[in-house]
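The values are calculated or read from the model by the stated rules, or taken from the named source; none is laboratory data. Please read all numbers here as calculations on a predicted model, not as lab measurements. Cβ: placed from backbone, ideal geometry, glycine included. Neighbour counts: every protein chain shown.
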Amino acid sequence: MKDIKPKLIRLFKEGYCTPQIARIAKKIHEPSTTIHYNIKKMEQEKVIRTYKAVFDYKKIDEGFYAIVLISLSPDEYGNPEKIGAEFAKHPQIESVDICTGDWEMVITVRAKDQDEYYNLVKNVISRKGVAKIKTLTSLKQIKTEFVEL
């Protein structure tokens with residue numbers, strides 16, 4: 001049989017997952033039609049933004065996880081959204097948050113390994129407007145996206 005695992009992973013990451021309405025209905029003892037109506041309403045109201053699979057990242061060659069603290073240079077301090085939007089375009093960058101405190105931005109990165117992370121730092125993160133970065137490397141993840149591993 002043809003191995004389409006990489007194609008499926010890419011689609012699941014883009015949100016091609018759907019709720020299992022019959023399973024939800026059984027769990028909360030409500031009719032499937034009621035579940036379907038409420039889910040569609042939440043999707044239209046943008047309460048639900050997407051559906052996504054939660055992976056065992058080591059098994060899909062994305063086992064290196066890092067939290068990156070970013071300090072912006074004074075000339076970019078007034079517009080962190082611009083830099084954040086540029087970072088968000090890269091598939092290895094999982095989240096981008098603008099913060100208060102000692103660091104103006106926090107990003108999380110999933111990469112295959114340390115070498116892929118290094119290339120991302122060198123070619124993407126270390127750019128004009130970024131004054132300083134500090135990387136916290138995860139040694140073991142216990143829980144992600146509400147799922148215990």
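Mind checking which residues of the stretch 103-120 are of a type outside the set (Asp, Glu), surrounded by fewer than 17 Cβ atoms within 10 Å (Cβ to Cβ) and either assigned to a helix (DSSP H, G or I) or outside the structural domain of LEU72 (by TED's automatic domain parsing) (or both)?
GLN114, TYR118, ASN119
Across the stretch 77-102, what is the total count of residues that are over 14 Å from TYR117 (Cα atoms) and surrounded by fewer than 17 Cβ atoms within 10 Å (Cβ to Cβ)?
Applying the first criterion (over 14 Å from TYR117 (Cα atoms)) to the stretch 77-102 yields 77-86, 88-89, 95-102.
Pick out the ones that are also surrounded by fewer than 17 Cβ atoms within 10 Å (Cβ to Cβ) and you get 77-79, 81-82, 85-86, 88-89, 95, 97-102.
Residues in the stretch 77-102 being over 14 Å from TYR117 (Cα atoms) and surrounded by fewer than 17 Cβ atoms within 10 Å (Cβ to Cβ): 16 in total.
Suppose we keep only residues that are in a loop (DSSP other than H, G, I, E, B) and of a type in the set (S, T, N, Q) within the stretch 121-145. Which one would you say is surrounded by the most Cβ atoms within 10 Å (Cβ to Cβ)? Spell out the reasoning first.
Taking the stretch 121-145 and keeping what is in a loop (DSSP other than H, G, I, E, B), we get 126-129, 138-142, 145.
Filter once more, so that each one left must be of a type in the set (S, T, N, Q): 126, 138, 141.
On the way: SER126: 10, SER138: 15, GLN141: 12.
The residue in question is SER138.
For SER32, are the conditions met, namely being of a type in the set (Gly, Ala, Ser), in the same structural domain as ARG127 (by TED's automatic domain parsing) and more than 24 Å from ASP115 (Cα to Cα)?
On the way: of a type in the set (Gly, Ala, Ser): yes; in the same structural domain as ARG127 (by TED's automatic domain parsing): no; more than 24 Å from ASP115 (Cα to Cα): yes.
So SER32 fails the test.
Aliphatic (A, V, I, L, M), out of contact with any His (no Cβ under 6 Å at 6 or more places or on another chain) and in contact (Cβ under 8 Å) with a residue 60 or more places away in the chain: which single residue out of LEU136, LEU72, LEU120 fits that description?
Details: LEU72 fails: in contact (Cβ under 8 Å) with a residue 60 or more places away in the chain; LEU120 fails: in contact (Cβ under 8 Å) with a residue 60 or more places away in the chain.
The conditions single out LEU136.
Can you tell me which of (1) modelled with pLDDT under 90; (2) within 15 Å of the chain's Cα centre (by Cα); (3) not in a helix (DSSP H, G or I) is the one THR18 doesn't meet?
(2)
Of the residues TYR57, TYR51, only one is closer than 24 Å to GLY15 by Cα and surrounded by 16 or more Cβ atoms within 10 Å (Cβ to Cβ); which? Explain how you work it out, then say what you get.
Details: TYR51 fails: surrounded by 16 or more Cβ atoms within 10 Å (Cβ to Cβ).
Matching residue, one of TYR57, TYR51: TYR57.
Given the conditions (1) out of contact with any Asp or Glu (no Cβ under 7 Å at 6 or more places or on another chain); (2) outside the structural domain of TYR37 (by TED's automatic domain parsing); (3) at pLDDT below 95, which single one is not true for ILE133?
(3)
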